[in-house]
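One structure below.
What follows draws every value from the coordinates through simple rules; no lab data is involved. Treat the numbers as computed from the prediction; the structure is a model and nothing was measured. We place every Cβ from the backbone using ideal geometry, glycine too, and count neighbours over all the protein chains shown.
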Amino acid sequence: MRNAVLSSSALLAGVIAAPAMAGTVTVTIPRLNVAEYHRPYVAVWVEPAGGGAARTVAVWYDIKKRGNEPGTKWLADLRAWWRKGGRSLNLPANGVSGATRAPGQYSIALPADLKPGAYVLNVEAARETGGRELVTVPLNVPNTSGRATGKGELGAVTLSR
Amino acid sequence: MSPLARRLLTAAALLSIPAGLSAHRMWLLPSGTVFSGTDSWVTVDAAVSNDLFFLDHQPGRLETIKVWQPDGTPGELKNGSTGRYRSVFDVQLDKPGTWKIGSQMSGVMGSFKVDGVEKRVGGRGGPPPGAGGQPGAVRQPPLTVADIPANATDVKLTETSSRNEIYVTAGEPTTKVFKPTGKGLEFAPVTHPDELVAGEAARFRFLIDGKPAAGIKVSVIPGGKRYRNEEGGMELTTGADGVLTVTWPTAGMYWLNATTTDSKTTTPRATERRMSYTTTLEVLTP
């Protein structure tokens, strides 16, 4: 459902500013053989290579729709993302935040209005009773391509056009 | 007794008095420094010990500890309790921003002579009256500056002031609680103390009476001493602008202590002012 919203808004942006698709990132959440498994919190964000404000592309966490605590208590465990901009993001964020995902491959459209230039794409995962990992891939807009692989909490992170 | 021996004894006596100035380290250890969500609580251990952060000597004193909310107004300390080796308390971080938790203490200590007998000012007070003392006898209260008689000689007084403060942040960091008072030794961070990352240099300015404290000595000691051989501390000095630069070798909790003396006293007949600043800092992995 979230994916549908995301891609349709990207499509809309594509119509307005064609052909400005900045590309797609594919994130793999590996299946782990552990005694106690919880789906990881994952944040995907883009930073200008020369430094500058981070832009969150996606954050998956345990959204709670009831009660006083909307599920944001453990977001600081995505500690790099939290420091680089997560803490200033109002959640839930339309088209950005969503529920945690099961192991598998997920494609996320990069923001269509990313200006051409050099960036670093960051993917961070933190899992309850598990580990935490940060994977970075150099990102060139509009020639989007690249690949990196995590060691434990994340599998392949692939950039494509 | 030679003058040197006497001076050493006096120095030893002075050192043994307030916990903040002895070899024992006072520390506040928060359960975390970076919090998200809308209902965050921090729980804090307060204790005195040599090794950081092991509970094996004395508890901290809760009555001296205060809480500052992100807007600088007083906050509330909850669920306080004092055990044999530690005190513990909670603070509900019900407002976003950076909170300050800690204590500020000041006093006067030293010695004087009356009719050739040396007496001490400050500290823990004298033993109970009578030789040996009765079981359960109460120690005599410490002498104060007001107790120094007119015929006292060899008056040696030192003003002491110490701060022990920690910083915890809910949501986005703020800086209002760093506003200096302009009195004594204070911490005016350039790098926010809740944004420390291993491998990155952090810069903290120290102020004395609101002005940059150049060339003061600062010890930075990582916790977890029991699990390694060396203390692993760093002995650093502030620059001419009062700024200390620390590069964190690894993530973890660090105890930081700055101590300095000068002669800008406000107590009559005091010749020295001794100031210390202590904080506990959490360094995260990149």
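Placing dummy labels 7 Å off each Cα toward the beta-carbon, the span from B:T265 to A:L91 is 5.5 nm. Build a GNM of chain B with springs between Cα atoms under 10 Å apart, and of B:F112, B:F187, B:F178 the one that fluctuates most is B:F112. Computed from the alpha carbon positions, the gyration tensor of segment B:200-277 leads to an equivalent ellipsoid with semi-axes of 28, 16, 8 Å, biggest first. To the nearest ten degrees, helix A:2-16 and the longest principal axis of the Cα atoms of chain A are 10 degrees apart. For the cross-link pairs B:K78/B:K176; B:K78/B:K225; B:K66/B:K113; A:K84/B:K211; A:K115/B:K179, the ones whose C-alpha atoms lie over 28 Å apart are B:K78/B:K225; B:K66/B:K113; A:K84/B:K211; A:K115/B:K179.
Calculated FRET efficiency, B:E230 to A:T149, Cβ-Cβ distance, R0 = 51 Å: about 0.90 to the nearest 0.05. Counts of other chain beta carbons within 10 angstrom of each beta carbon in peptide A:67-75 average 3.
Dividing the mean sequence gap of close Cα pairs (under 8 Å, 6+ apart) by how many residues chain B holds gives a relative contact order of 17 percent. With the cut-off at under 20 Å, measuring from each backbone N in segment B:29-62 to a point 7 Å along the Cα-to-Cβ line of A:W74 picks out B:31-43. As I understand it, the dipole of chain A uses +1 on the Cβ of Lys and Arg and -1 on the Cβ of Asp and Glu, about the Cα centre. Which of A:L114, A:V96, A:W45 lies farthest toward its positive end? Farthest towards the positive pole: A:V96. Translational diffusion coefficient of chain A (Stokes-Einstein, Kirkwood radius from Cα pairs, 37 °C, 0.692 mPa s): 205 µm²/s. Entry for chain B at q = 0.09, 0.11, 0.15, 0.16 Å⁻¹: log10 I(q)/I(0) = -0.48, -0.71, -1.21, -1.34, Debye formula applied to identical alpha-carbon scatterers, no solvent contribution. For peptide B:31-38, the mean count of partner chain Cβ atoms within 10 Å of a residue's Cβ comes to 5. Label-to-label distance for A:N33 and B:V190 is 5.2 nm, based on points extended 7 Å past Cα in the beta-carbon direction. Using the Cβ-Cβ distance between B:R61 and A:T136 with R0 set to 45 Å, the FRET efficiency from 1/(1 + (r/R0)^6) comes to roughly 0.45.
For segment A:95-123 versus segment A:23-41, the spacing of their alpha-carbon centroids is 15 Å.
If the segment from B:T250 to B:A198 were pulled out straight at 0.36 nm per residue, it would be longer than the present Cα-Cα gap by 18.2 nm. The angle separating the long axis of helix B:3-15 from the principal Cα axis of greatest extent in chain B is about 40 degrees. Counting 0.36 nm for each residue step from B:R84 to B:E118 and taking away their Cα separation leaves a gain of 8.8 nm.
With the helix formula -39500 (n - 2.57) applied to DSSP H stretches of n ≥ 4, the protein assembly as shown reaches a computed 222 nm mean residue ellipticity of -2500 deg cm²/dmol. DSSP beta bridges fully contained in chain B are about 85 percent antiparallel.
If you run the Gaussian network model on chain B, springs between alpha carbon atoms under 10 Å, then out of B:D56, B:D90, B:D147 the most flexible one is B:D147. For the protein assembly as shown, the fraction of alpha-carbon pairs lying more than 27 Å apart is 63 percent, rounded to a whole number. Once the C-beta distance of B:V138 and A:T26 is scaled by a Förster radius of 60 Å, the resulting FRET efficiency is 0.20 to the nearest 0.05.
For the options B:K113, B:K66, B:K217, a Gaussian network treatment of chain B with springs between C-alpha atoms closer than 10 Å singles out B:K113 as fluctuating the most.
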